[in-house]
Amino acid sequence: MGKNQTLMKKIELVMLIVILCITISLLSISLIVKIEWKVQLINFVDTKHIVEINNVLTDGHQRRIGVTPFKWCLELERYLDICSPLLVELLRRWDDDEQSFHIWKHLVPLSVVDVCFSLGLGVVGEEVQFDAYGCGLVGSLFCGKRICIKGITNMIRSVIGTEHDDVNNVCRLYILLCFAVLYFPRNSKVICNMPFRILDDIDSLVKFNWGSAVHSFLVNSLSRAYGVHSQKKNDHNITLARLVVVLQVR
């Protein structure tokens, strides 16, 4: 009986942390939320671009993307939403030192395994290397110009169905778009500090530890946001530009 009660308590803790974290994960538009009437929270994750591109991809493009670790993005059929009050609660409960959430009298860690279970990203493999500026094959597609989200989506639309429709390049552009608006979003209009060169070899993407890369970005973003929130100053904004989707209830 004691073991069953302990198990049920653990299940309840996990379910609550999932409910709290899903508010971070499901965000479709840049959003400003008042926190305790003093601090504003801003998030730049925007999945509408992925949804729109999903509607123009051909079966060939989808098959190529479907063999990469980011095939989950193809399942997005509508913009992702968020529950603002739970987002506030999530920040309140974050423990920066322990990288965990305070749930009742317990600390529930946010682990790499959570990323693995929620997004199907691997937690073993080589470390993901980030490049400061656009480079490699995907960078060459922009001919030295600054890379932005609109530039990526316009390029994908302009080549699909034409003689320039290279399935591998469309796949590279699609994954870069997912990096920029979902996995590693930032508040800069210019896309930089991304794993550009890794996209040269699409078939090797499965060799990298994407789960750890996403987890590190999430924890870093939560810690930065909590630091601003804990100061409780009127003249501060909390920017969650680096926050990514990691947990969802299935």
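Scanning the stretch 161-213 for residues that are modelled with pLDDT under 90, within 16 Å of ASP131 (Cβ to Cβ) and assigned to a helix (DSSP H, G or I) yields a count of 1.
For the stretch 155-192, a residue qualifies if it is in contact with a Gly (Cβ under 9 Å, 6 or more places away or on another chain) and among the charged types (D, E, K, R), and the qualifying residues are ASP165, ARG172.
Could you check how many residues of the stretch 101-137 are modelled with pLDDT under 95, of a type in the set (A, V, I, L, M, F, W, C) and in contact with a Lys or Arg (Cβ under 8 Å, 6 or more places away or on another chain)? Total satisfying the criteria: 3.
Scan the stretch 111-155 for residues that are touching a Phe, Trp or Tyr at 6+ places or on another chain (Cβ under 7 Å) and farther than 11 Å from ILE191 by Cα and jot them down.
Hits for the stretch 111-155 are LEU119, GLY120, LEU121, GLY122, GLY125, GLU126, VAL128, CYS135, GLY136, VAL138.
Quick check on LEU222: is it out of contact with any strand residue (DSSP E or B) (no Cβ under 6 Å at 6 or more places or on another chain) and either of a type in the set (A, V, I, L, M, F, W, C) or not in a strand (DSSP E or B) (or both)? It is false that LEU222 is out of contact with any strand residue (DSSP E or B) (no Cβ under 6 Å at 6 or more places or on another chain) and either of a type in the set (A, V, I, L, M, F, W, C) or not in a strand (DSSP E or B) (or both). Taking each residue of the stretch 190-212 that is under 21 Å from SER118 (Cβ atoms) and looking for partners that are polar (S, T, N, Q) with beta-carbon atoms closer than 7 Å, six or more apart or interchain, yields PRO195/GLN129; LEU205/THR68. Considering every residue within the stretch 149-158, establish whether at least one is small (Gly, Ala, Ser) and buried (at least 19 other Cβ atoms within 10 Å of the Cβ). Among the residues of the stretch 149-158, not one is small (Gly, Ala, Ser) and buried (at least 19 other Cβ atoms within 10 Å of the Cβ), which makes the answer no. Close Cβ contacts (under 8 Å, 6 or more residues apart or on different chains) running from residues in the stretch 141-154 that are of a type in the set (Lys, Arg) to residues that are part of a helix (DSSP H, G or I) comprise LYS145/GLY151.
In summary, SER158 fulfils each of the numbered conditions (1) under 22 Å from the mean Cα position of the chain (by Cα); (2) more than 21 Å from LYS207 (Cα to Cα); (3) assigned to a helix (DSSP H, G or I) with the single exception of condition (1).
The values are calculated or read from the model by the stated rules, or taken from the named source; none is laboratory data. If you're wondering where the values come from, they're calculated on a predicted model, not measured in any experiment. Note that each Cβ is placed from the backbone with ideal geometry, even for glycine, and that neighbours are counted across all protein chains shown.
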